[in-house]
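**Q** A single structure is presented below for examination.
The values are calculated or read from the model by the stated rules, or taken from the named source; none is laboratory data. Being a predicted model, the structure only gives us computed values, none of them experimental. Ideal geometry is used to build each Cβ from the backbone, glycine not excepted, and the neighbour counts take in all protein chains shown.
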2 protein chains.
Amino acid sequence: MKTKNLLTITDIAKCYNNSEISIRIVLERIGDKWSMIVLLLLDEHGTIRFHEFDKIIHGISQKVLSNTLKALETDGLIDRKAYPVVPPKVEYTLTDLGRGLIPPVKTLIDWACEHSVDIVAARKNHNLNQGKF
Amino acid sequence: MKTKNLLTITDIAKCYNNSEISIRIVLERIGDKWSMIVLLLLDEHGTIRFHEFDKIIHGISQKVLSNTLKALETDGLIDRKAYPVVPPKVEYTLTDLGRGLIPPVKTLIDWACEHSVDIVAARKNHNLNQGKF
DNA sequence: TCAGTTACTTACCTATGGGTTAGTTAGATT
DNA sequence: AATCTAACTAACCCATAGGTAAGTAACTGA
């Protein structure tokens, strides 16, 4: 049997002059439930305070919001500025690095908004063929 | 106190003439550990058989590979063609829908390969400042 | 007859993401 | 003295993603 000359994911990544780690790092950071949304909102608003996020992102809990912001900050995508006042005031903004991530993310979202209908249709169709529903 | 006129994620999505559901649908599909990698490999190779995936994707288990492929097929991103032979032969390819997803995904990966270094550096720096390590 | 091949499933387990609710801090305001 | 506010943290729980190991189906070739 002739074996195809298969490229591994590492090979592909090497074409991009980098290892598969790069891909994983970014996927793990922004592939979660809220990170992309936080980044997009910051891009729209410029600056957002903690309790503002809490209000405008429907369904996120304070704990998870806190975790998400902390992770994004740790990875240099957003900036946290705390004012020494009472009650506390903390402002979040995009860093340059985070701002750079916006275009690729938007490209993805553009596709999502155009094609999520197709995905849902395919899903429905597939389930019909499987006799579900 | 003057309240800012904050845009919710729904508002933002509406600018794209679509609901936040679109975003979530796509994020949930390709935000997992392996989907993007499978799509990229299919884009590179055109056609891949099950056990070929098994070999070229380092670290994926047969169960998870099976789940991933099934999910991508259900959502119309890849095509599964089974030949009635023994031992079995099954070929996976991208659908038109799946092929369309490649450019946005690559845009993201390009960014990842360029900037994962910055993320890692930020992470290290942050941990140093926190006195960790 | 028995091993080999391919594409899976099945049973099982663990780590983790994310949710809920309640508590804390500390000065400003009433 | 009591209450309010903003930004969290802590304790707890559950569902699920993903991993391991083993099994199955069904024909081929030795």
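**Q** Can you tell me which residue within the stretch B:48-80, out of those that are more than 9 Å from every other protein chain (Cβ to nearest Cβ), β-branched (V, I, T) and over 16 Å from A:A121 (Cβ atoms), is farthest from DNA strand D (Cβ to nearest atom)?
**A** Here the answer is B:T68.
**Q** Out of (1) in a loop (DSSP other than H, G, I, E, B); (2) more than 12 Å from every other protein chain (Cβ to nearest Cβ); (3) away from DNA strand D (no atom under 12 Å from the Cβ), the odd one out for B:V86 is which?
**A** Going through the list (1) in a loop (DSSP other than H, G, I, E, B); (2) more than 12 Å from every other protein chain (Cβ to nearest Cβ); (3) away from DNA strand D (no atom under 12 Å from the Cβ), B:V86 breaks only (3).
**Q** Answer with yes or no whether A:I60 is under 16 Å from B:S116 (Cα atoms) and either at pLDDT 90 or above or of a type in the set (D, E) (or both).
**A** Working: under 16 Å from B:S116 (Cα atoms): no; either at pLDDT 90 or above or of a type in the set (D, E) (or both): yes.
No, not satisfied.
**Q** Name the residues in the stretch B:55-74 that are within 8 Å of DNA strand C (Cβ to nearest atom) and in a helix (DSSP H, G or I), would you?
**A** Those that are within 8 Å of DNA strand C (Cβ to nearest atom) and in a helix (DSSP H, G or I): B:Q62, B:K63, B:L65, B:S66, B:N67, B:L69, B:K70.
**Q** Can you name the number of the only condition in (1) within 10 Å of chain B (Cβ to nearest Cβ); (2) farther than 22 Å from B:R123 by Cβ that A:V38 fails?
**A** (2)
**Q** When only residues in the stretch B:89-133 that are surrounded by 15 or more Cβ atoms within 10 Å (Cβ to Cβ) and outside any helix (DSSP H, G or I) count, which is nearest to the other protein chains (Cβ to nearest Cβ)?
**A** Among residues in the stretch B:89-133 that are surrounded by 15 or more Cβ atoms within 10 Å (Cβ to Cβ) and outside any helix (DSSP H, G or I), the one nearest to the other protein chains (Cβ to nearest Cβ) is B:T95.
**Q** Look through the stretch A:36-48, keep the residues that are within 15 Å of DNA strand C (Cβ to nearest atom) and in contact (Cβ under 8 Å) with a residue 40 or more places away in the chain, and return whichever of them is nearest to the chain's Cα centre (by Cα).
**A** Restricting to residues being within 15 Å of DNA strand C (Cβ to nearest atom) and in contact (Cβ under 8 Å) with a residue 40 or more places away in the chain, the top hit is A:M36.
**Q** Still on this model: Only one of A:L108, A:L101 is modelled with pLDDT of 95 or more, within 15 Å of B:T107 (Cα to Cα) and away from DNA strand D (no atom under 16 Å from the Cβ). Can you tell me which?
**A** Every option except A:L101 fails the conditions.
**Q** I've got another one for you. A:D79 passes all but one of (1) outside any helix (DSSP H, G or I); (2) away from DNA strand C (no atom under 16 Å from the Cβ); (3) touching a Lys or Arg at 6+ places or on another chain (Cβ under 9 Å); which number fails?
**A** (3)
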